[in-house]
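Since the structure comes first, as structure tokens, the remarks are kept for the end.
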Amino acid sequence: MRTTHLFLLIAAFFASAVTQSLRAQDSGASTAISDDYILQPLDLLQVRVFQEEDMDRELRISRESVVSLPLIGRVNLKGLTIRAAEQKIEELYDRDYLVNPQVNIVVMEYARRTVNVLGSVGSPGEIEFPREEGLNLLDAISRAGGFTRLADRRKIRLTRKNDDGSQENFVINADDMIEGDSNEVWVLQTDDLIYVPERLL
């Protein structure tokens, strides 16, 4: 009995060590994925379960942030980092199907994420998020060529569509952010619309 128990412990340790090694190799192959990268709808994932090759899948996250996996079915990944998604899937498999499952996720292809910056900026138009990173209001305006001489930096309008189809509108004083009078950084979401008006002369 003790021998069997010891064997199971050694096997579990070996599985964990191999999986960590695979994760390290995959993170290197995918250009050092940021630990805090949030998985996005339409990201293409490779999902592997250690020693369960028939359960490995390459799939794209749906627009509702859902993937469908063998045995456990639909899994909502909304708002999760890669590691958090791995842990969630491991927990679901561990409940009824597998003993000490080891799940590894690699992003094979990143969904294109953009915002639009219009109005009094140097190069109005679509701005793409940096790969694996977030984007805030001032960064987006900078990537759009910065404010023009006539820009009204105190009345920037941000329009955002919510998941339920509703729309929110914000008026933001960028001067307060630039001068340090505001702690708000206004982290942007995909498809946000930023409009910089002109000052009235």
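The values are calculated or read from the model by the stated rules, or taken from the named source; none is laboratory data. Just so it is clear, the model here is predicted, and its values are computed rather than measured. Every residue, glycine as well, gets a Cβ built from its backbone with ideal geometry; the counts of neighbours run over all protein chains shown.
The residues in the range 154-168 that are surrounded by 14 or more Cβ atoms within 10 Å (Cβ to Cβ) and not hydroxyl-bearing (Ser, Thr, Tyr) can be counted, and the count is 6.
Any chance the range 142-153 includes a residue that's closer than 18 Å to residue 189 by Cα, out of contact with any strand residue (DSSP E or B) (no Cβ under 7 Å at 6 or more places or on another chain) and either surrounded by fewer than 18 Cβ atoms within 10 Å (Cβ to Cβ) or among the acidic types (Asp, Glu) (or both)? The answer is yes; a qualifying residue exists. For the range 140-155, the candidate set comprises residues that are assigned to a helix (DSSP H, G or I) and in contact (Cβ under 8 Å) with a residue 12 or more places away in the chain; within that set, the residue that is nearest to residue 179 (Cα to Cα) is 141. Would you call residue 118 among the hydrophobic types (A, V, I, L, M, F, W, C) and free of Cβ contacts under 8 Å to residues at least 60 places away in the same chain? When the stated conditions are applied, residue 118 does not pass them.
Considering only residues in the range 111-149 that are closer than 23 Å to residue 175 by Cα and of a type in the set (Ser, Thr, Tyr), the one that is nearest to the chain's Cα centre (by Cα) turns out to be 142. Residue 174 fulfils the conditions (1) modelled with pLDDT of 95 or more; (2) of a type in the set (A, V, I, L, M); (3) farther than 30 Å from residue 44 by Cβ except for a single criterion, (1).
When each of 139, 192 is tested for being surrounded by 16 or more Cβ atoms within 10 Å (Cβ to Cβ), farther than 26 Å from residue 64 by Cβ and in the same structural domain as residue 119 (by TED's automatic domain parsing), the lone residue that passes is 139.
For the range 102-136, what are the residues that are among the acidic types (Asp, Glu) and either buried (at least 18 other Cβ atoms within 10 Å of the Cβ) or not in a strand (DSSP E or B) (or both)? Quick ask: steps written out before the conclusion?
Taking the range 102-136 and keeping what is among the acidic types (Asp, Glu), we get 109, 126, 128, 132-133.
Correct list: 132, 133.
For the range 71-99, filtered to residues that are touching a Phe, Trp or Tyr at 6+ places or on another chain (Cβ under 9 Å) and farther than 15 Å from residue 43 by Cα, the residue that is surrounded by the most Cβ atoms within 10 Å (Cβ to Cβ) is 72. Being surrounded by fewer than 14 Cβ atoms within 10 Å (Cβ to Cβ) and in contact with a Gly (Cβ under 9 Å, 6 or more places away or on another chain) is not true of residue 171.
For the range 52-101, residues that are within 14 Å of the chain's Cα centre (by Cα), in a helix (DSSP H, G or I) and aliphatic (A, V, I, L, M) total 3.
Among the residues of the range 50-80, those that are of a type in the set (Gly, Ala, Ser) and touching a strand residue (DSSP E or B) at 6+ places or on another chain (Cβ under 7 Å) comprise 65, 68, 79.
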